[in-house]
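Take a look at the structure below.
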Amino acid sequence: MVHARLSVIRTLLLHLVSLIVVSIVMGACAAPPTQQPAPAAEGAAVEWGYEGEIGPENWSTLSGNFATCGLGTEQSPIDLSEPAPSDEFGPLELNYAATPITVLNNGHTIELEYEPGSTLTFNGQTYELVQFHFHNPSEHTLTGEASPLEAHLVHRDNNGNLAVIGVFLMLGEANPFLAQFWDALPAAAGETEVEGEINVRDLLPEDLSYHTYTGSLTTPPCSEGVRWLVLRDTVTISQEQVDAFTAIYSGNARPVQPLNDRDLLTNADDVSLR
């Protein structure tokens, strides 16, 4: 009898212990995690801008993908003071065709995408024109002075390498190239189609002498290895045209970055702006 009772008690105790263990395990599985916050959705866009907590001085802290904005040593834009004359590179060869006019407000600037087929050849390498866009004030400076606007013509080769032509827009007469679509600048993010076609060669000065250096994108993620070709000669823009742009984007320019040990070269005999 005693043995039978002990056996029953032992069975009951084992069953009770099993229930307690199961309860603990189930509770642990059901408990929400408290140590780590939920991760951001994969591919979620990181907000950045030109002032405040999301401004250029903080870009590198907004995302791990933006670290180069703070750690890079070949960043853009730069001040273009005292470029060294060089015959290392030849003239720019442009083969631009006309493209339909679609004006895009991408949330950071006004941009016009270009149809495939228009090319820049520089130093034996051919790049296709992808798009052009604008910054106020100019991102590059000359002896510390900025122009009201700077246009960037972005090109990419078959290996993904970038070459960007920059051109300063100085106050003067109205720019006839811009006049073809300037009244259609979208005030908010989105795009506007304009009847007709444009050829961005008409924006550039006749003389394509340039200053060149190796730099980066001027917006996050600030990727380096970009070949910059900033034209010495300028084009004009009227105050009314400047005002139309700044009514939408005023101050969408990254501050100049240190040149560090990079070469700033020019193929121009006279480096002063004209």
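No value in this document is a laboratory result; all are computed from the given coordinates. Because the structure is predicted, anything quoted here is derived from the model rather than measured. Please note: Cβ atoms are built from the backbone with ideal geometry, for glycine as well, and neighbour counts cover all protein chains shown.
Values for this structure:
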quantity	calculated
Centroid-to-centroid separation of region 59-108 and region 163-188 [C-alpha atoms, Å]	18
Estimated FRET transfer efficiency (residue 240, residue 207; beta-carbon r; R0 30 Å; 0.05)	0.70
Net charge contributed by nearby residues that have their C-beta within less than 13 Å of residue 143 (K/R +1, D/E -1)	-3
Residue 260/residue 67 FRET efficiency (R0 25 Å; Cβ-Cβ; nearest 0.05)	0.90
Radius 12 Å from Cβ of residue 214, net charge of other residues (Lys, Arg +1; Asp, Glu -1)	-2
More than 19 Å apart - percent of Cα-Cα pairs taken over region 182-274	62
Cα→Cβ-extended label distance, 7 Å offset, between residue 191 and residue 115, nm	1.4
Relative packing of peptides 190-197, 228-235 - highest average C-beta neighbours within 10 Å first	228-235, 190-197
